[in-house]
Amino acid sequence: MIGAILEARALTKRFGGLVAVDDVDLLVNRNTVHSLIGPNGAGKTTVFNLLCGLMASDGGTVTFEGRDIGVLPFHRITLEGIGRSFQRTQVFPDLTTFENVRVAAQTRQPRRLSPFRVPRGSDPGSDTAYRALEIVGLADRATERADILSHGEQRALDVAIALATQPRLLLLDEPTSGLSVGEVANMTDLVNRLRSELAMTVLLVEHNVNLVMNISDVITVLHQGRVLEEGSPDAIRGSRAVAEAYLGTDA
């Protein structure tokens with residue numbers, strides 16, 4: 001489908017006298033990878049928190065598929081179809097890889113039984129969990145405890161947990177943070193497959209500029225809480241304002 005899936009207008013967030021997000025407009029089109037970049041403190045993760053309901057905004061609107069979601073809490077926005085991974089991996093270390101994902105899958109089931117119950121007979125939540133693990137390449141680790149997974153595998157598990165909520169828009173916050181070169185390549189491949197094979201829209205916060213340039217359809221550059229520049233990777237590469245404010249050159 002063509003057109004916007006998410007639109008934020010004049011989004012604003014203050015912490016005392018600090019304006020962390022300052023009148024930000026953001027439009028994310030369907031079936032694209034849209035990246036947010038900027039220096040530390042630019043407001044990227046705060047924007048994510050506002051979009052997914054973890055924080056209440058101090059101004060502006062957020063619409064998802066044409067519906068105003070700006071006043072909804074996190075769990076309601078998840079049910080609307082927005083999934084979220086976190087900058088710091090959010091897993092239950094004492095549960096198996098499969099159990100971690102199944103907890104998330106259960107939130108989408110019509111009968112809200114305990115996500116920790118042992119399933120009997122056909123269990124759609126289990127099917128969804130296994131599918132999410134297959135997508136991220138962890139199906140063969142399903143019965144292993146999450147705390148023995150490598151850092152890269154735990155990052156992939158975090159994505160699987162978000163996928164188990166069956167999102168149409170996936171927000172990934174620093175998915176390659178702390179990963180090796182090989183693990184970064186795996187995560188890059190995963191994001192590409194989410195768009196091409198699952199027709200999913202991905203909004204990405206990422207410090208790896210080379211990855212962002214290679215994977216994105218649109219890049220929005222934040223600086224001091226405001227949108228500095230937005231455009232294609234080529235346009236961002238050629239922007240003097242971005243070079244001076246973020247990339248650290250005067251090209």
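Miscellaneous remarks
- His223 sits with roughly 60 Å² accessible to a 1.4 Å probe, with DNA, RNA and ligands left out of the calculation.
- Where labels lie 7 Å past Cα in the beta-carbon direction, separation of Asp94 and Thr63 in nm: 4.6
- Of the three principal axes defined by the Cα atoms of the chain, the extents in descending order read 60, 40, 38 Å.
- At full extension, Leu79 and Arg193 could sit 38.7 nm farther apart than now, given 0.36 nm per residue minus the alpha carbon distance.
- Principal axis dimensions, largest first and in whole angstrom, of region 130-205 by Cα: 31, 26, 17
- Under 5 Å, built H, 5+ apart or other chain: amide partners of Val227: Asp25
- Which of Gln90, Thr107, Gly152, positive extreme of dipole for the chain (C-beta unit charges): Thr107
- For the chain, accessible area per residue (1.4 Å probe, heavy atoms of protein chains only), Å²: 47
- When region 163-251 is described by a simple charge dipole with +1 on each Lys and Arg Cβ and -1 on each Asp and Glu Cβ, the residue from Val191, Gly225, Leu169 located farthest towards its positive end is Leu169.
- Computed from the Cβ-Cβ distance with R0 of 35 Å, the FRET efficiency linking Ser150 to Val71 stands at 0.35.
- Distant-in-sequence amide H partners of Glu206 (H built 1.01 Å from N, under 5 Å): Leu36, Glu174
- Region 20-81 shape via C-alpha gyration tensor axes, a/c threshold 1.5: oblate
- Difference of contour (0.36 nm per residue) and Cα-Cα distance, Asp23 to Ser177: 52.7 nm
- Which of Thr61, Thr78 is most accessible, then next, and so on - probe 1.4 Å: Thr61, Thr78
- Difference of contour (0.36 nm per residue) and Cα-Cα distance, Phe15 to Ala56: 13.6 nm
- This model, with +1 at the C-beta of Lys and Arg and -1 at the C-beta of Asp and Glu, gives the chain a dipole about its Cα centre of some 800 debye.
- Dipole of the chain, positive end: most advanced residue of His207, Gly43, Gly60 [Cβ charges, Cα centre]: Gly60
- Rounded percent of accessible protein surface that carbon and sulfur make up, the chain, 1.4 Å probe: 50
- If you model region 175-234 as an ellipsoid using its alpha carbon gyration tensor, with each semi-axis the square root of five times an eigenvalue, the axes come out at 21, 15, 10 Å, biggest first.
The values are calculated or read from the model by the stated rules, or taken from the named source; none is laboratory data. If you're wondering where the values come from, they're calculated on a predicted model, not measured in any experiment. In this analysis, Cβ positions are derived from the backbone assuming ideal geometry, glycine residues included, and neighbour counts consider all displayed protein chains. To get the accessible areas, we keep the full protein, side chains included, count just its heavy atoms, and leave off ligands, DNA and RNA. Shrake-Rupley method; radii C 1.70, N 1.55, O 1.52, S 1.80 Å.
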